[in-house]
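The structure under discussion appears below in the form of structure tokens.
The values are calculated or read from the model by the stated rules, or taken from the named source; none is laboratory data. Keep in mind the model is a prediction, meaning the values are calculated, not measured. Note that we place each Cβ from the backbone using ideal geometry, even for glycine, and neighbour counts take in every protein chain shown.
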Amino acid sequence: MSLTLDHLVIHVKDLAAAVAQYTALGFTVQDGGTHADGNTHNALIGFADGSYLELIAFLKPAASHRWGRHQQSGYQGFVDFALLPHEVGQVVQRAQSQGLNYQGPIEGGRLRPDGERLVWQLGIPPTPDLPFLCGDVTPRALRVREGEVRVHANGVQGVAALTLVVRDLAASLARYQALLGAAAPLLGPTVLSGLGIEQAVLALGPQRLVLLAPVGDADTAPARSLQHLLDTRGEGVLGASLRTPTGSTTTPTHALPLAATHGAPFDLTSA
């Protein structure tokens with residue numbers, strides 16, 4: 001039962017400001033609309049590979065919301081990511097049979113600015129190191145628009161890799177293998193020499209999913225940085241690599257400025 005990357009969620013305080021800054025970075029940004037619960041509104045950046053970025057902001061205080069703690073803390077940046085199932089209920093049942101207590105299907109939706117009402121189903125993971133599921137009831141092309149809106153002045157064509165920070169690499173790797181049905185990781189787990197970090201890499205369709213965790217009480221700058229993130233924000237998305245055509249950038253990889261991405265670490269790679 002294949003699962004592919006659906007979208008990455010980026011919490012921002014001011015949606016209009018985020019739209020302006022991502023547009024200035026060369027992205028084509030679409031108005032999203034208001035979610036069915038009335039708590040949030042969003043804008044989307046769709047890619048040729050079918051995945052997209054969701055810029056989301058709160059319209060009112062919502063402490064009980066899945067990402068409400070980020071609104072309360074003032075944190076901006078990556079807060080989650082979603083996989084696209086063929087049918088949410090089937091994936092939830094399969095996950096539960098593998099010991100992963102996903103909850104769902106749970107109905108969600110959004111009203112687009114043009115009046116089109118979208119409906120989808122969610123599967124909510126048992127632990128924060130895992131993605132949620134987002135499966136369409138109305139046609140996906142209504143939620144993730146096609147055509148020229150997927151063309152970007154900066155040349156980005158899709159997501160090449162997604163990096164997560166987790167507390168226990170072995171436990172997270174086992175959960176991902178249960179969810180994705182992977183017999184073994186593409187790489188690792190292995191300790192990155194001298195960094196105090198261990199890593200495993202999994203295939204997620206055309207993307208790579210990189211899991212990172214600090215090693216025990218390793219006293220290195222990279223390990224301390226990951227531990228600080230775990231202590232302050234928790235497990236989840238650390239950063240993403242966006243794919244551009246070969247030769248479209250001056251260097252094989254370069255980072256986008258964090259101030260412009262509202263705290264979400266991105267690099268553009270043509271490798």
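Within segment 208-221, the set of residues being in a strand (DSSP E or B) and farther than 14 Å from Val237 by Cα comprises Pro214 only. In this structure, does Asp49 turn out to be in contact with a strand residue (DSSP E or B) (Cβ under 8 Å, 6 or more places away or on another chain), in a strand (DSSP E or B) and in the same structural domain as Gln76 (by TED's automatic domain parsing)? No; evaluated as a whole, the condition is false for this residue. Taken residue by residue, segment 83-105 has no member that is within 20 Å of Thr34 (Cα to Cα) and either surrounded by fewer than 18 Cβ atoms within 10 Å (Cβ to Cβ) or in contact with a His (Cβ under 8 Å, 6 or more places away or on another chain) (or both). Taking every residue in segment 191-215 that is surrounded by 20 or more Cβ atoms within 10 Å (Cβ to Cβ) and pairing it with any residue that is of a type in the set (Lys, Arg), at least 6 positions away or on another chain, the pairs with Cβ-Cβ distances below 7 Å are Ala213/Arg167. Against the conditions (1) assigned by TED's automatic domain parsing to the domain that holds His41; (2) among the acidic types (Asp, Glu); (3) over 29 Å from Pro245 (Cβ atoms), Glu146 satisfies every one except (3).
Assess whether Ala178 counts as being over 29 Å from Gly26 (Cβ atoms) and at pLDDT below 95. Here the answer is yes, as Ala178 does meet what is asked.
Of the residues examined, Asp80 is not one that is in a loop (DSSP other than H, G, I, E, B) and within 17 Å of Ser241 (Cα to Cα).
Residue count for segment 163-190 under the criterion of being assigned to a strand (DSSP E or B) and either β-branched (Val, Ile, Thr) or in contact (Cβ under 8 Å) with a residue 60 or more places away in the chain (or both): the result is 4.
Would you confirm whether or not segment 202-216 contains a residue that is among the β-branched types (Val, Ile, Thr), modelled with pLDDT under 95, touching a strand residue (DSSP E or B) at 6+ places or on another chain (Cβ under 6 Å) and farther than 24 Å from Leu5 by Cα? Yes, segment 202-216 contains a residue that is among the β-branched types (Val, Ile, Thr), modelled with pLDDT under 95, touching a strand residue (DSSP E or B) at 6+ places or on another chain (Cβ under 6 Å) and farther than 24 Å from Leu5 by Cα.
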